[in-house]
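What follows is calculated from the coordinates using simple rules that are stated; it is not laboratory data. From a predicted model like this one, the values you see are computed outputs, not experimental measurements. Cβ placement follows ideal geometry from the backbone for every residue including glycine, while neighbour counts extend to all protein chains displayed.
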Amino acid sequence: MKELQAIQQKLVAPKGQKNEFAHFNFRSAEDILASVKPLLKEENCTLLLTDEIKLIGDRYYVEATVTLTNSAGEKEFTKASAREQEVKKGMDASQITGASSSYARKYAMNGLFSIDNTPDADTMNNSISKKEAFESSMRKLKKEYEKNGLEKEWEDDFSDYKECPTKNFRQFYNLAKNELQELLKGVK
């Protein structure tokens, strides 16, 4: 489905939530939905999220299905599951189910829209430094520029990314990614 491909290429779903306790950023299902809605309108598509409760053994799972439908009625879907915790401090049963639903929906949308967890400047993975994570993300972005015949634009604007100060990693990456999206709009 060409619309899905277009949405996957254009979608930027920032990690808009912060875990203050463990000091890391993450993206929620709501962050993904907020980012994808304008693209759904642009591509004349609809997105339907549904849940089904499944009992496997003695544990309940929420299975989320995310279905993308284009104007011709063609559909693509993905599923993801999350296990409900039996007890979660401070939550009643409906809140536990709701949290499991959000988690499953988030991962189903990650699958459908090819959202990876590419390390960014705020990654908490202690096995790699922020600089290594930033450079890894920039190398992947450079490949996207090259794949779309935009090598000159990369060289003109972003080839000096290794000189970027640590405090500006996220801003620099987002600038490069947003510029790619704008350039791709102009190519179409």
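Listing Val62, Val87 from the residue with the fewest other Cβ atoms within 10 Å to the one with the most, what is the order? It would help to have the intermediate numbers written out before the result.
On the way: Val62 23, Val87 8.
So the residues, fewest neighbours to most, are Val87, Val62.
Across the chain, where is the longest run that never hits GluC sites (Glu not before Pro) in a DSSP loop with at most 14 other C-beta atoms within 10 Å?
Numbers: sites that count: Glu20, Glu74, Glu86.
Result for the longest clean stretch: 87-188.
Taking each pair of different alpha-carbon atoms in the range 2-112 once, compute 1/r for the pair, average those values, and report the inverse of that mean as the Kirkwood hydrodynamic radius in Å to one decimal. Let's see the in-between values first.
Values: mean 1/r = 0.0660 Å⁻¹.
Here the Kirkwood hydrodynamic radius works out to 15.2 Å.
Around Ala104, under 12 Å between beta carbons, what's the net of Lys plus Arg minus Asp minus Glu among the other residues?
Working: positive: Lys54, Lys79, Arg83, Arg105, Lys106; negative: Asp51, Glu52, Glu63, Glu84.
Charge balance in the 12 Å sphere: +1.
Along Cα→Cβ, 7 Å out, is where each label goes; now give me the distance between the ones at Ala6 and Phe77 in nm to one decimal.
Here the answer is 2.4 nm between the modelled labels.
In Å, what Rg and Dmax follow from the Cα atoms of the chain?
Rg then Dmax for the chain, in Å: 18.8, 59.
Karplus couplings for the range 110-115 from phi (6.51 cos²θ - 1.76 cosθ + 1.60, θ = phi - 60°), rounded to Hz, Gly and Pro as x?
Karplus-based 3J(HN,Hα) across the range 110-115 equals 4, x, 5, 9, 6, 8 Hz.
Applying the Karplus parametrisation 6.51 cos²θ - 1.76 cosθ + 1.60 with θ = phi - 60° to the phi angles of the range 43-55, what ³J(HN,Hα) value in whole Hz is obtained for each residue in order, glycine and proline being reported as x?
8, 6, 10, 10, 10, 10, 10, 10, 10, 9, 8, 10, 9
So, in nm, how far is label Lys131 from label Lys89 when the simple model puts each one 7 Å beyond its Cα toward the Cβ?
It is 3.9 nm.
Could you list which residues have their amide H under 5 Å from that of Tyr60, counting only those 5 or more apart in sequence or on another chain, with H placed in the peptide plane?
Glu84
Using Cβ contacts closer than 10 Å as the measure, can you line up Asp51, Asp156, Asp58 from fewest to most?
Working: Asp51 19, Asp156 9, Asp58 6.
So the ranking, lowest neighbour count to highest, is Asp58, Asp156, Asp51.
What are the semi-axes of the equivalent ellipsoid of the range 19-61, taken as the square roots of 5 times the eigenvalues of the Cα gyration tensor, listed largest first and rounded to whole Å? Mind showing how you got there, number by number?
Details: eigenvalues 153, 103, 4 Å².
Taking √(5λ) for each Cα gyration eigenvalue gives 28, 23, 5 Å.
Which ³J(HN,Hα) values in Hz, rounded to whole numbers, follow from the phi angles of the range 65-72 under the Karplus curve 6.51 cos²θ - 1.76 cosθ + 1.60, where θ = phi - 60° and Gly and Pro get x?
For the range 65-72, the Karplus-derived couplings read 10, 10, 10, 9, 10, 8, 5, 8 Hz, x marking Gly and Pro.
Provide the gained length on full extension for the span Leu175 to Lys143, in nm with one decimal, where the gain is 0.36 nm per separating residue minus the Cα-Cα distance. Mind dumping the intermediate values first?
On the way: separation 32, 0.36 × 32 = 11.52 nm, distance 1.58 nm.
That pair, Leu175 and Lys143, stretches by 9.9 nm at full extension.
Give the residue list of chymotrypsin sites (Phe, Trp or Tyr not before Pro) in the range 1-101 that are DSSP loop and have at most 14 other beta-carbon atoms within 10 angstrom.
Details: sites: Phe21, Phe24, Phe26, Tyr60, Tyr61, Phe77; in loops: Phe21.
The qualifying sites are Phe21.
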